[in-house]
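The values are calculated or read from the model by the stated rules, or taken from the named source; none is laboratory data. Keep in mind that this is a model prediction, so the values were computed, not measured. Neighbour counts are summed over all protein chains in view; Cβ atoms, including those assigned to glycine, are modelled from backbone coordinates with ideal geometry. Please note that ligands, DNA and RNA were not included when accessible areas were found on the heavy atoms of the full protein model with its side chains. Shrake-Rupley method; radii C 1.70, N 1.55, O 1.52, S 1.80 Å.
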Amino acid sequence: MGAILEMRGISKSFPGVKALSNVNLTVEAGEIHAVVGENGAGKSTLMKVLSGVYPHGSYEGDIVFDGEERRFRTIADSEKIGIIIIHQELALVPLLSIAENIFLGNEPARFGVIDRSFVFRRTQELLRKVGLKESPDTLITNLGVGKQQLVEIAKALSKEVRLLILDEPTASLNETDSAALLDLLLEFKAHGIASILISHKLNEISKVADRITVIRDGATVDTLDCRAEAISEDRIIRAMVGRPLADRYPPRTPKIGEPILSVRDWRVHHPIHQDRVVIKGVSFHVRRGEVLGIAGLMGAGRTELAMSLFGKAYGKRISGSVEMEGRPVDVSTIEKAVDAGLAYVTEDRKTLGLVLAEDIVKNVTLANLPGVSRGTVIDDMQELKVANSYRQSLAIRCSSVYQQTVNLSGGNQQKVVLSKWLFSGPKVLILDEPTRGIDVGAKYEIYSIINKLADDGKAVVMISSEMPELLGMCDRILVMNEGAFVGEFTAAEASQEAIMRSIMQSTMKKTG
Amino acid sequence: MDQRAPAQALQPPPSRPSGAGFLQSNIREYGMMLSLFVIMVLFEVLTNGTLLKPLNLTNLILQNSYIVIMALGMLLVIVAGHIDLSVGSVVGFVGALAAVMMVQWDIHYVPATIACLAVGALIGAAQGYWVAFFKIPSFIVTLAGMLVFKGLTLALLAGQSVGPFPKEFQLLSSGFIPDLFSVQGLKVTSLVIGLALAAVMVMVNVKGRATQVKHGVENEPFGFFVAKNAIFAGLIVYFAYLLSSYKGLPNVLIVMALLIGLYTFVTNRTTIGRRIYALGGNEKAARLSGIKTERLTFLTFVNMGLLAGLAGLIFAARLNTATPKAGLGFELDVIAACFIGGASASGGVGKVIGAVIGAFVMGVMNNGMSILGVGIDYQQVIKGLVLLAAVFLDVYNKNK
């Protein structure tokens, strides 16, 4: 069979980061092609190039579809020739009906008046194809996630799809819904529709995929053919993570003391769907001078764990106990958590970490205004001194500390958020994805800061989706999956294969 | 910016902008003052000097005092990311309550005044409760409040006007600083207070600059600093002189000046002020920094209610009667004052002095156009266009 899609030598850079370098991907007509790789390996970027989110000219390389070179300027261009992408975050309007969503932006209309009966009939037809037994008039908000996913697929089918791209389609689905979705893909294949399936669930991939392309660090490392011979999951995992650990991490001799923070039986329920348990009774501790890593895939519950500990900033019906230096502490509000010596540095510095319109000074002191005030009056010279001292010790590059934080680069913004929490005088710092969206040089600086904190006798909990970073930085690594710890490794024992395997094994136990 | 430079990269020396450069980077603040100045000069010329006649200047202050006072509270509400549409109705309601208590029930004016202020704060609390703790949009809560208190005003007054107020109560807005020694019609005490005020302002500024120089963070050119202080001190003394040559400083001006000073201090220098700006700038980040965002939102509404109550008392005392129509449309002037003064509708940005200037821009235009005989119809049109133009310039400057 001939290739329906060929992506040749695709390279794409963002300021300071090379996201893709010379990626090749060939999809044959009527095959299910899996794309796997770690978080941040470049899978989503590649799909955005393919679907025209990043227009022609913003990347290098060629896209050949149906034997013709294509230059997409918008998503509409790629959709017109039948390339349809279904994103991980569903793009449905909750308060419109199924039919209205399927034809959104593409309404069959005469003089602007929508042909309702046609829409209704066509939607019924499409819903039958995807096996969804719902009326076209049902509102999206009344459907579960699995059914919403099917609506997305029906929407794709309404557009003469030739190549269907699914980004983590089963990430939020339960077993039966996942199985139904995979069967649907196989059915499409029988009708000659090719699919690209991006997934972390290797058991699903080995069930349906014809070929597998592995992407690592923005480059294609391997294409495996599953039709000729069965491919073991170990083989895939090795390809996904097998990269040499270069000298990208500053050295540190750990001086680990007694436990500072101990958490026992921590259970957290989802803030809206309150019967869903997000964190399933986990226990852990971190010691003075220790850097503890928490590994896991996206959605494993790491951020939820951290934020629920930090003054119940996430979740409902939280139970469990927290001890600091052997004494039970109350962390039920953020203020109390800060007083107890906890600090949480968010993964999302722009929306949760900084007041972007304010300058560095005001951001640095925000979590500890009493530290620069007499009574309720702020001593602005004292405040300035504090900001300048962090500017120096953390090497924040700025024209002055009165510069608005919105104008700083990602690395410097991260340093401002770190300064804020250092000034609050914590004993335990929880760093959530501390180097996300930061270039390599600034990462090294952040790592050095983390080492310094540990040397100063603080305990650091580091949540990261970049496994090499955890391996390079941490004294101990806990592996989280689906709201529970499924593995623990010391620095010496830990390897990417071991961590991946413990995640995959725990997932397999659940999905059978 | 973020190259892989060594950690101890040299910090660039703090730049000392030139006068013009300084003016350009602070255009937002000085632009407001400049536009008020231009508008005053314009109407002074157009009205052949009537605008700044002592009598008219006194009236200008009396007419705008309640708008300025409410603008102080509204600024905090807007900075926190909300809006309060009910203040006009609250002015009417509190005025009516004061009239009923003092005139119909014969309650002494001191406890009655205190009770009215408490009721204002309570109204603010009642509305803030829904906004802060139940996350109901403030636009809706205060729209409801606007209707409720407009209705309650009518009910309380039974559709009638109630008055007059006791003499002592009227002094709140029609009284002047008593003069100890009158020299040829000039109220010396008032002039002395004006001089003292100018001296205090200059002293505070000089001291502030000295601290800045000590820490090497002053960035205002020296000549500019001197000129600015000379102009402001001169203007204060000049206006004090004008007022002194009529009846002296109105009591309500003193109240207003004290409140402006207090709120400037609170917003610029205190932790609660800082936290309100952080709350409006990024509520989630503020909450994750340990700030009790809900309580803070609640307090801004309590404060707004209290000031609206005070404005209601001042307005009732000025008219010397409570009417069912009192306060009608005040919320629009108050909100417009804040936005003309540079507050951002999305929260986090805005200054007390800006809101005060915005209130006076509106006040001077009202007053000047009335003297010129412009009808109430076109006054509204012009005011609306000025509001749009002021905000447009603000947005344009920011995007540039």
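Structure notes:
- FRET efficiency estimate (nearest 0.05) - Cβ-Cβ, B:LEU46 to B:ALA389, R0 22 angstrom: 0.75
- Filtered trypsin sites (Lys or Arg not before Pro), segment B:129-168: DSSP coil and at most 13 other beta carbons within 10 Å: B:LYS135
- Per residue, chain A reaches -9500 deg cm²/dmol at 222 nm when only DSSP H runs of four or more residues are counted, each adding -39500 (n - 2.57).
- Only beta bridges with both residues in the protein assembly as shown are counted; by DSSP, about 60 percent of them are antiparallel.
- Average accessible area per residue (Å²) across segment A:350-425 - probe 1.4 Å, nucleic acids and ligands excluded: 34
- Amide hydrogen neighbours beyond the local backbone of A:ASP379, cut-off 5 Å, H modeled: A:SER373, A:ARG374
- In chain A, the longest principal axis of the Cα atoms and the axis of helix A:410-423 are about 40 degrees apart.
- Estimated distance in nm for a label pair at A:THR253 and B:PHE222, the labels positioned 7 Å out from Cα along Cα-to-Cβ: 5.5
- Within straight-line reach of B:LYS150, meaning a Cα separation under 28 Å, sit the following lysines at least 8 residues removed in sequence or on another chain: B:LYS135, B:LYS167, B:LYS325, B:LYS383.
- Using the average count of surrounding beta-carbon atoms within 10 Å as a protection proxy, the listed peptides B:92-104, B:38-50, A:447-459 rank, highest first, as B:92-104, A:447-459, B:38-50.
- Sites A:THR223 and A:THR74, calculated FRET efficiency, Cβ-Cβ separation with R0 35 Å, nearest 0.05: 0.75
- Once the Cα atoms are used to define both axes, helix A:175-190 deviates from the longest principal axis of chain A by about 40 degrees.
- Sparse packing (at most 16 other Cβ atoms within 10 Å of the Cβ) combined with a DSSP loop state is found for the following trypsin sites (Lys or Arg not before Pro) in segment A:246-329: A:ARG248, A:LYS255, A:ARG276.
- Note that the protein assembly as shown shows a convex hull volume over its alpha carbon atoms of 213 Å³ per residue.
- Inter-chain neighbour count for B:205-215: the average number of beta-carbon atoms from partner chains within 10 Å of each residue's beta-carbon is 1.
- Buried area at the A-B interface (accessible, heavy atoms, 1.4 Å probe, summed, Å²): 3200
- Of the residues in segment A:311-347, those shielded by at least 40 Å² of accessible area once partner protein chains are present, compared with the chain alone at a 1.4 Å probe, are A:ILE334, A:GLU335.
- Pairwise Cα distances in segment A:383-485 exceed 22 Å in 33 percent of cases.
- With R₀ set to 56 Å, the beta-carbon distance separating A:SER393 from B:ASN320 gives a calculated FRET efficiency near 0.30.
- Accessible-area composition of the protein assembly as shown, carbon plus sulfur, in percent [1.4 Å probe]: 59
- Occluded residues from segment B:287-303, i.e. those whose accessible area drops by 10 Å² or more once the chain is not alone (1.4 Å probe): B:ARG287, B:LEU288, B:SER289, B:GLY290, B:ILE291, B:LYS292
- For segment B:168-223, the list of chymotrypsin sites (Phe, Trp or Tyr not before Pro) that fall in a loop by DSSP and count at most 12 other C-beta atoms within 10 angstrom reads B:PHE181.
- Under the membrane-span-like helix rule (DSSP H runs whose alpha carbons stretch at least 20 Å along the helix axis, mean Kyte-Doolittle hydropathy -1.0 or higher), chain B yields B:27-46, B:54-79, B:109-134, B:138-157, B:188-214, B:222-244, B:251-269, B:293-319, B:352-372, B:376-399.
- Label-point separation in nm, A:SER11 to A:PHE118, each point 7 Å along Cα→Cβ: 4.8
- Value of Rg/Rh across chain A [Cα atoms, Kirkwood radius]: 1.00
- Whole-Å semi-axes of chain B's equivalent ellipsoid (Cα gyration tensor): 36, 29, 20
- For chain B, the mean residue ellipticity at 222 nm estimated from helices alone is -24500 deg cm²/dmol, where every DSSP H run of n ≥ 4 contributes -39500 (n - 2.57) and the total is divided by all residues, rounded to the nearest 500.
- The charge dipole of the protein assembly as shown, taken about its Cα centre with unit charges on the Cβ of Lys, Arg, Asp and Glu (plus for the first two, minus for the last two), comes to roughly 1820 debye.
- Residues in segment A:3-241 average 45 Å² of solvent-accessible surface per residue, probe 1.4 Å, ligands and nucleic acids excluded.
- Degrees between helix A:145-157 axis and first principal axis of chain A (Cα, 0 to 90, nearest 10): 50
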